[in-house]
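Novice: First the structure, which I've put down as C-alpha cells, then a few questions once you've had a look.
The values are calculated or read from the model by the stated rules, or taken from the named source; none is laboratory data. Since the model is a prediction, treat every value here as computed from it, not as a measurement. Every residue, glycine among them, receives a Cβ derived from its backbone with ideal geometry; neighbour counts consider all protein chains shown.
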Amino acid sequence: MDEDILTKPGITLQKLRILIAVANEGKFSKAGDKLGITQPAVSLQVKELENFLGASIFERISTGVKPTELGQQLIIYARQILSLTLDLENSARQYSNLELGSLNVGASSTPGDYILPMIIKDFHSSYPGINITLSITNTETVINQLIERKIDIGVGGKENTLPEIQSFELDKDDIIIVSPPKLAEAFVGKNLQDIANLGLVFREKGSATRTVAEDYLKQKGIALKNILELGSNEAVKSAVKYGAGSAMLSRHAVKEDLDAGHLCKIEHDDWDCSRNLYVYQIAKSTTTPAHSKFINSLEGWSKNR
C-alpha cells in the first residue's frame, strides 16, 4: 500500500463522514440533508473516493443505493477512524479544560469500597463534567493495571518499590481481628496460635490485607493451617458471621458490622497490626487537569482525615 495514502486527497475525514451518512440514509439526497450539503456535493465526494480506490463503493437499487462488498469493508474502517478521531478530540480537550474529562481509577477492596466512594462523590459535585470510573480488585492487580496504563490512578495497601510509579500515603489502616459475637467468649484467654487453630478466614492471595496479616503472624511464629480463602471483604465477613472462624480485616471494612453488633472485635495484647493505604500514579507522566485535580482531592482528604 502507498505509504502516503492518508495524505492524498482521496481519503479525508469529510469523505468518510459522507460515506457513513449515505450508508445510513440509503440515498445521496437524504445524506446531503443530514449533513447540510447538496446532493451534487455528496455525489462528487463519493465519486472521488471511488476513483481513488479504483472500484465502486455503492450500487443503485430500486429504493436508492446500498454498499458494495468493498463499500461494506470501507464503512467498517470509516466508523473506526471517526470514532478514534472523536476520542482524540475528547482527549485533547481534557488537557485544557477542567470542566470535561474522564478518569479510570483502580483500587483494592478496602479503599475502593469504604473510602473512595465519598471522595468521588464530593469531587463529582464540584466537577460534574468529569466522569470517574472506579474498578475494584486487589492491590497486586491495581499496580499491574497502572503499569499497563489500563487505569490512570491506583489506590492500594502495598508500599510502592517500582521506579516507574510514584505514590503517597492516603491513610493508616488498622487490621483488627473479628469474630461472630456468639463465639467471642471462645477466644478469651487464647494466644494467637490458639486463635489461628480455631480457623481463619482470609482474602485471596494478592490482597494486601492478607499479606500484611500473614506477615505479622509469621513474625510472631504462628503456624497457619486451618485457612478458608475467599475473594472479597464481604464474603470473608459473611463466612465469619456464620461461624467459619475469625478474620483479620481492615477497620474500615468492619466498622458498620461492629457498630451493628454483627461482628465482635477480639482484643489481644500480641496483636497490633496496621498498614498504610497508598495512592499510585505513573511517575513523570503528562497528566490532564482532571487527573491533577483528583490527586489534589486525595491529598486533601489524606491531610484532613
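Yes or no, residue by residue, for (1) without any contact (Cβ under 8 Å) to a residue 60 or more places away in the chain; (2) within 26 Å of Val188 (Cβ to Cβ):
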{"site": "Ile227", "(1), (2)": "yes, yes"}
{"site": "Asn233", "(1), (2)": "no, yes"}
{"site": "Gly243", "(1), (2)": "no, yes"}
{"site": "Glu267", "(1), (2)": "yes, yes"}
{"site": "Lys293", "(1), (2)": "no, no"}
{"site": "Asn296", "(1), (2)": "yes, no"}
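Novice: Restricting to region 254-300, give me the number of residues that are outside any strand (DSSP E or B) and either within 20 Å of the chain's Cα centre (by Cα) or assigned by TED's automatic domain parsing to the domain that holds Glu140 (or both).
Specialist: Of the residues in region 254-300, the ones outside any strand (DSSP E or B) are 254-263, 266-272, 283-300.
This time we only want the ones that are either within 20 Å of the chain's Cα centre (by Cα) or assigned by TED's automatic domain parsing to the domain that holds Glu140 (or both), so: 283-300.
Selection size over region 254-300: 18.
Novice: Of everything in region 184-205, what is within 19 Å of Ala239 (Cβ to Cβ) and surrounded by fewer than 18 Cβ atoms within 10 Å (Cβ to Cβ)? Give them in sequence order. Steps first, answer last, please.
Specialist: Going residue by residue through region 184-205, those that are within 19 Å of Ala239 (Cβ to Cβ) are 184, 186-187, 195-205.
Those that are within 19 Å of Ala239 (Cβ to Cβ) and surrounded by fewer than 18 Cβ atoms within 10 Å (Cβ to Cβ): Ala184, Ala186, Phe187, Asn197, Leu198, Glu204, Lys205.
Novice: Checking the condition farther than 23 Å from Gly156 by Cα and not β-branched (Val, Ile, Thr), which residue from His262, His291 passes?
Specialist: Values: His291 fails: farther than 23 Å from Gly156 by Cα.
Exactly one residue qualifies, and that residue is His262.
Novice: Next question. Determine whether Val178 is assigned by TED's automatic domain parsing to the domain that holds Ser207 and modelled with pLDDT of 95 or more.
Specialist: Working: assigned by TED's automatic domain parsing to the domain that holds Ser207: yes; modelled with pLDDT of 95 or more: yes.
So Val178 passes the test.
Novice: OK, next. Which residues, taken from region 189-212, are over 26 Å from the mean Cα position of the chain (by Cα), more than 16 Å from Gly243 (Cα to Cα) and either among the small types (Gly, Ala, Ser) or in a loop (DSSP other than H, G, I, E, B) (or both)?
Specialist: Once the filter is applied, which keeps residues that are over 26 Å from the mean Cα position of the chain (by Cα), more than 16 Å from Gly243 (Cα to Cα) and either among the small types (Gly, Ala, Ser) or in a loop (DSSP other than H, G, I, E, B) (or both), region 189-212 yields Gly189, Lys190, Asn191.
Novice: If you don't mind, there's one more thing I want to ask. Considering region 157-181 alone, what residues qualify as being in contact with an Asp or Glu (Cβ under 8 Å, 6 or more places away or on another chain) and part of a strand (DSSP E or B)?
Specialist: Scanning region 157-181 gives Ser167, Phe168, Val178.
Novice: For Lys237, work out the one condition from (1) exposed (fewer than 14 other Cβ atoms within 10 Å of the Cβ); (2) farther than 23 Å from Ile153 by Cα it doesn't fulfil.
Specialist: Among (1) exposed (fewer than 14 other Cβ atoms within 10 Å of the Cβ); (2) farther than 23 Å from Ile153 by Cα, the lone unmet condition for Lys237 is (1).
Novice: Okay, moving on. Looking at (1) outside any loop (DSSP other than H, G, I, E, B); (2) modelled with pLDDT under 90, which is the only condition Lys34 fails?
Specialist: (2)
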